[in-house]
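One structure is given below, encoded as structure tokens.
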Amino acid sequence: MPTPSDRRKAYTCGFHPERGEQADFCPACIQEHETRLSAESMTGDERAAELSALMDRPLSRPFDLIHKRIEELVGRPVWTHELGLNRDGLIEEARNRPRDSPLTPAEFQTKVMAPLEATGKPIIGVVVDDPGDQL
Ligand SMILES: [Zn+2]
């Protein structure tokens, strides 16, 4: 099974340039993820700054850790296509979005679906019935 070091070129971690070139995920970044601040305790500007840095620097930790942190900073589930299509909108949400408020259907359409629809590519939706609904 390939490891990250089999697939990527050496890079310099944008958060820890003092470590020099690395060929695998940055141990310092992974350690920092484990001891990260609660997004709820941060100011909006701090959340926006961290999100911007995460999105603009080379991938220095496993994507699942970055995705989890982005969702913490934004305060809602974030679809992966949003990372490429709505970078600035996500940063503004991290800065200003009320915490712990789910997306309304209108917000879901505007923030999640509209950027995807704007690509002009077909969208396929899958609805899975929850067996719990039939009880
Ligand atoms: Zn690092």
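The values are calculated or read from the model by the stated rules, or taken from the named source; none is laboratory data. Owing to the predicted nature of the structure, the values given are computational and were not obtained by experimental measurement. All Cβ positions, glycine included, derive from the backbone under ideal geometry; neighbour counts span all protein chains shown.
Within the range 24-67, the set of residues being charged (D, E, K, R), more than 11 Å from the ligand (Cβ to nearest atom) and in a helix (DSSP H, G or I) comprises E34, E40, D45, E46, R47, E50, D56, D64.
Residues are listed down the side, and each one gets a yes or a no for (1) of a type in the set (A, V, I, L, M); (2) modelled with pLDDT under 95:
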| residue | (1), (2) |
| --- | --- |
| A28 | yes, no |
| G44 | no, no |
| E50 | no, no |
| D56 | no, yes |
| L59 | yes, yes |
| R69 | no, no |
| L73 | yes, no |
| R76 | no, yes |
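Screening R99 against (1) of a type in the set (D, E, K, R); (2) more than 27 Å from T119 (Cα to Cα); (3) in contact with a Leu (Cβ under 9 Å, 6 or more places away or on another chain); (4) part of a loop (DSSP other than H, G, I, E, B) leaves a single unmet condition, (3).
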